[in-house]
Amino acid sequence: MNRDDQHECFERWMTDHIAILYRVVNGFAEGSDRNDLMQEVLLAVWKAIPSFRGQAQATTFLYRVSHNAALTWHRTRRNYLKRVEQAEPLAGAESSLPDSTDERLEQLYAAIRRLPELDRSIVLLSLDGLSYQEMAGIHGLSESNVGVRLNRIKQRLAKTLNQKEIYEPR
Amino acid sequence: MNLDEVQNLWNSGINGPTAHQRAEMITRFTSTLRRRRRQEFAWLVWTFFVLTVLTGFAGWLVFGTDKVSLSAEWAVIPLLLIPWVFACLFLRKFLRQTLPAARGDVTISDSLTAAMAANESERFKLKALGMMYVIALPVLALSIGQLHSAGKVPSRELISMVTFLGGALALSAGAVAAKYWFSLVPKARMLKALLSQFREPAEGTTSPAH
């Protein structure tokens, strides 16, 4: 694959699927770190394009690359984030939810970011509507493992968001 | 928030970049990429230019004058070749597509496992290099001492030789140690912690797919 083809593929994928990367980045970083992580993820996708042989769907490829990049990026800031989490507990978790859906969305992302990295990755895929089989194929886990983890994750998220109802797995 | 609200919120139009944000992200990234590429290219061109000038000057000294006697000072040839070897390695890296760190053709678990293996391999190589430095230091000291005893190195040059060679050795050993302790070891720790999350069994299941 020459560089022009790589550019063309990159721009096509970004036009069609950048929302995937956007949600991954929000799930793993906050504030100005999002810009850094977005650049890292875009670079990872760019570098990975020549290895795309069309054996998997483009979205599967993108999920693997973006989640891999986010998982490995996030860990280097672990100590900083630990300090942030200890100093600033999840705001509004026990108070009534604000009216703005933007704030509610940010609360949801904040709750997701409090999960361990692998759980975070799994729940992001689940919310994007992927099946257990797809999630297992992306991570290299068994479907049953994904199912059990997801139930645990949802209970934990529900607790964090102070919700009573737990949604059924697909 | 209940199930429907969470999923509706997730699927809503606000949970994604606007068309303007999308265009801006792509434009910023591609222009950063092109700028980096141009900088690398300019750096390579400059490096080869300087090397060519220096090599040309050295060649003139060796072959065009009688200031350097090749029969006695033949080491000038391999010493001149070393920077060219490094320059060619950088050129090869510039031209080649290197294997990406985050791969999309294998599962995340396999990709992290491969990254861990690569990290272990690199740490092993640096340990071996570190051992060579440990061995080289007394050998160098002995060689310089022998040269001095044999009258090949006068006392006035001894100190500058020790300072220069010892300093160069210490500096490069420091760079190797820094890469090992501040780059590879933290990354190994991170990868190990991530992989342990994949390997820890969820209740009532086996964890990896293979």
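Please report Rg (one decimal) and Dmax (integer) in Å for the Cα set of region B:32-132.
Considering region B:32-132 through its Cα atoms, Rg and Dmax are 20.5, 64 Å.
Along the charge dipole of the protein assembly as shown, Cβ charges K/R +1 and D/E -1, which of B:Leu171, B:Leu191, A:Gly147 sits furthest on the positive end?
Farthest along the dipole direction, towards plus: B:Leu171.
Please state the charge dipole magnitude for the protein assembly as shown, taken about the Cα centre, from unit charges on C-beta atoms (+1 on K and R, -1 on D and E), reported in debye and rounded to the nearest 20. Before the final figure, lay out each step's value.
On the way: 45 positive and 36 negative charges, 247 e Å.
Around 1180 debye, computed over the protein assembly as shown.
In region B:45-142, which trypsin sites (Lys or Arg not before Pro) are in a loop and have at most 10 other Cβ atoms within 10 Å, using DSSP for the loop call? Let's see the in-between values first.
Numbers: sites: B:Lys67, B:Arg92, B:Lys93, B:Arg96, B:Arg103, B:Arg123, B:Lys125, B:Lys127; in loops: B:Lys67, B:Arg96, B:Arg103.
Passing sites in region B:45-142 are B:Lys67, B:Arg96.
Taking amide hydrogens as modeled 1.01 Å from N in the peptide plane, which residues meet the under 5 Å criterion relative to A:Leu141, leaving out close sequence neighbours?
Answer set, sorted by chain and number: B:Ala209.
Rounded to the nearest 0.05, what FRET efficiency is calculated for B:Thr52 and B:Ile82 with R0 set to 22 Å and r the Cβ-Cβ distance? Working shown, then result.
Details: r = 15 Å, r/R0 = 0.69.
The formula returns an efficiency of 0.90 here.
For region B:91-156, state the semi-axes of the equivalent ellipsoid (square roots of 5 times the eigenvalues of the alpha-carbon gyration tensor), sorted largest first and rounded to whole angstrom.
Numbers: eigenvalues 425, 52, 6 Å².
Values for region B:91-156, descending: 46, 16, 5 Å.
May I ask you to rank A:Phe52, B:Phe182, B:Phe41 by accessible area, largest first, using a 1.4 Å probe over the protein chains only? Write down the numbers at each step before the final one.
Numbers: A:Phe52 50, B:Phe182 165, B:Phe41 115 Å².
I get B:Phe182, B:Phe41, A:Phe52, largest accessible area first.
Could you work out, residue by residue across A:110-120, how many beta carbons of other chains sit within 10 Å of that residue's beta carbon, and then give the average as an integer?
Details: counts 0, 2, 0, 0, 0, 0, 4, 4, 8, 1, 0.
Partner Cβ neighbours, averaged per residue: 2.
Can you tell me the length gained on complete extension of the stretch B:Arg92 to B:Ser71, counting 0.36 nm per residue apart and subtracting the Cα distance? List each step's numbers first, then the result.
Numbers: separation 21, 0.36 × 21 = 7.56 nm, distance 3.35 nm.
The span from B:Arg92 to B:Ser71 would gain 4.2 nm if fully extended.
Taking just the C-alpha trace of the protein assembly as shown, give me its Rg and Dmax in Å.
Final numbers for Rg and Dmax: 27.6, 91 Å.
If I model a spin label as a point 7 Å beyond the Cα along the Cα-Cβ vector, how far apart are those points for B:Leu129 and B:Glu200 in nm?
It works out to 3.5 nm between the two label points.
Please list, in order, the residues from region B:164-193 whose amide nitrogen is less than 20 Å from a point placed 7 Å along the Cα→Cβ vector of B:Leu142.
B:165-167, B:169-170
The values are calculated or read from the model by the stated rules, or taken from the named source; none is laboratory data. This structure is a prediction, so every number in the text was calculated from the model and none was measured. All Cβ positions, even for glycine, are placed from backbone atoms using ideal geometry, and neighbour counts span all protein chains on display. Side chains included, ligands, DNA and RNA excluded: accessible areas come from the protein's heavy atoms. Shrake-Rupley method; radii C 1.70, N 1.55, O 1.52, S 1.80 Å.
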